[in-house]
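**Student:** Below is one structure. I have some questions about it.
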Amino acid sequence: MTTNDQAHQEAHDLLVHIEELLTDAEDAATLNMVLKKLAAVVDCLGPDDEETLERKWARRPRLTERSLERKLVDLFDNLFSRRSGGRAENFEDAGVLTGNRGVVISVGNGQEFQLTIVESKRR
C-alpha cells in the first residue's frame with residue numbers, strides 16, 4: 001500500500017469514527033473533539049473525496065429547533081456552570097411562556113439572557 005493510499009484509508013476510517021461520535025455528541029467537549037477530527041479528515045482528502053463527504057453530510061439527520069435547543073443548553077450550561085456558577089435552561093424548564101424554542105442563560109452575577117431559536121426557511 002502506498003503512502004497516499006494509507007493516508008486515504010486512515011482518513012476514511014477517521015470519518016467513520018467521527019460520524020459515530022456525532023450521533024452521540026451531547027456535550028461541548030465531544031463536539032469540539034469531533035470538529036478537530038473532522039478538520040483532520042478534510043485536510044487528508046482530495047477534491048473527489050470532499051464531494052463524497054458533502055453527499056454523506058447531506059444524508060445526516062436534519063437539525064431541528066428542539067435538537068439545537070438541547071445542544072445549546074448543554075453548551076452554555078457547561079460553559080457558565082464551570083466559570084461563574086451560572087446555568088442554562090430551555091424555555092420550557094425556565095417557565096418562559098412562548099411557543100418558540102430557546103435558551104435562558106443565567107450568569108452567576110445575576111444577569112439573565114434569552115436566546116430564541118426560530119428556523120428560517122431558505123430556498
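The values are calculated or read from the model by the stated rules, or taken from the named source; none is laboratory data. Given the structure is predicted, the values throughout are model-derived calculations rather than measurements. All Cβ positions, even for glycine, are placed from backbone atoms using ideal geometry, and neighbour counts span all protein chains on display. Side chains included, ligands, DNA and RNA excluded: accessible areas come from the protein's heavy atoms. Shrake-Rupley method; radii C 1.70, N 1.55, O 1.52, S 1.80 Å.
**Student:** Quick one: what pairs do we get from the range 94-105, first residue in contact (Cβ under 8 Å) with a residue 12 or more places away in the chain and under 16 Å from S120 (Cα atoms), second open to solvent by 50 Å² or more (accessible area, probe 1.4 Å) and of a type in the set (S, T, Y), C-beta under 6 Å, 6+ apart or different chains?
**Tutor:** Close Cβ pairs satisfying both conditions: N100/T116; G102/T116.
**Student:** G85: open to solvent by 60 Å² or more (accessible area, probe 1.4 Å), on the phi > 0 side of the Ramachandran plot and modelled with pLDDT under 90, yes or no?
**Tutor:** Numbers: open to solvent by 60 Å² or more (accessible area, probe 1.4 Å): yes; on the phi > 0 side of the Ramachandran plot: yes; modelled with pLDDT under 90: yes.
When the stated conditions are applied, G85 passes them.
**Student:** Tell me whether the range 63-74 contains one or more residues that are more than 23 Å from G99 (Cβ to Cβ) and either modelled with pLDDT under 75 or of a type outside the set (S, T, Y) (or both).
**Tutor:** No, every residue in the range 63-74 fails to be more than 23 Å from G99 (Cβ to Cβ) and either modelled with pLDDT under 75 or of a type outside the set (S, T, Y) (or both).
**Student:** Tell me which residues, restricted to the range 88-123, are open to solvent by 60 Å² or more (accessible area, probe 1.4 Å) and either in contact with a Gly (Cβ under 9 Å, 6 or more places away or on another chain) or among the acidic types (D, E) (or both).
**Tutor:** Taking the range 88-123 first, the residues open to solvent by 60 Å² or more (accessible area, probe 1.4 Å) are 92-93, 97-100, 109-116, 118-123.
Result: E92, D93, N109, Q111, E112, Q114, L115, T116, V118, E119.
**Student:** When you go through (1) within 11 Å of T116 (Cα to Cα); (2) at pLDDT below 90 one by one for R101, which number turns out not to apply?
**Tutor:** The one condition R101 does not meet is (2).
**Student:** Just a yes or no: is a residue in the range 73-85 aliphatic (A, V, I, L, M), in contact with a strand residue (DSSP E or B) (Cβ under 7 Å, 6 or more places away or on another chain), touching a residue at least 12 places away in the same chain (Cβ under 8 Å) and part of a strand (DSSP E or B)?
**Tutor:** Initially, the range 73-85 is screened for residues aliphatic (A, V, I, L, M), giving 73, 75, 79.
Applying the additional criterion that residues be in contact with a strand residue (DSSP E or B) (Cβ under 7 Å, 6 or more places away or on another chain) yields 73.
Going one step further and asking which of them are touching a residue at least 12 places away in the same chain (Cβ under 8 Å), we end up with 73.
Adding the requirement that they be part of a strand (DSSP E or B) leaves none.
Taking every residue of the range 73-85 in turn, none turns out to be aliphatic (A, V, I, L, M), in contact with a strand residue (DSSP E or B) (Cβ under 7 Å, 6 or more places away or on another chain), touching a residue at least 12 places away in the same chain (Cβ under 8 Å) and part of a strand (DSSP E or B).
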